[in-house]
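Colleague: Before we start, here is the structure in question, set down as structure tokens.
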Amino acid sequence: MELEFKEILKEFLIENSLTQVAFADRIGVKQSQVSEWLKGKAKPSYDILKSMAISFNISADYFLGIKDNY
């Protein structure tokens, strides 16, 4: 079963002991935007996804659900 983005992000935050605020600050978005992603009401744009991958030095494939690990 493939995980949805909101589930992948939630798991990433927990595994890395990150708050929504800390994650948002690191990738340059507002906490409210991260909250919308976690609720499944929105998904990040290409540019934000790229920023997430670069900021945490991991493949964007992880956040896209293509790879199981980062």
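Any read-out appearing in this document is the output of simple, stated calculations on the displayed coordinates, not a laboratory observation. Here the structure is a predicted model, which means the values were calculated and not measured. Quick reminder, even Gly has a Cβ in these numbers, built from the backbone with ideal geometry, and neighbours come from all protein chains shown.
Colleague: Residues that are of a type in the set (D, E, K, R): list the helices (runs of 4 or more DSSP H) wholly contained in the chain that include at least 2 such residues.
Modeller: On the way: elements: 5-15, 20-27, 31-39, 46-56, 60-64.
By residue number, 5-15, 20-27, 31-39, 46-56.
Colleague: Could you look through region 1-42, keep only residues that are touching a residue at least 12 places away in the same chain (Cβ under 8 Å) and basic (Lys, Arg), and pick out the one that is surrounded by the fewest Cβ atoms within 10 Å (Cβ to Cβ)?
Modeller: Selected residue: Lys39.
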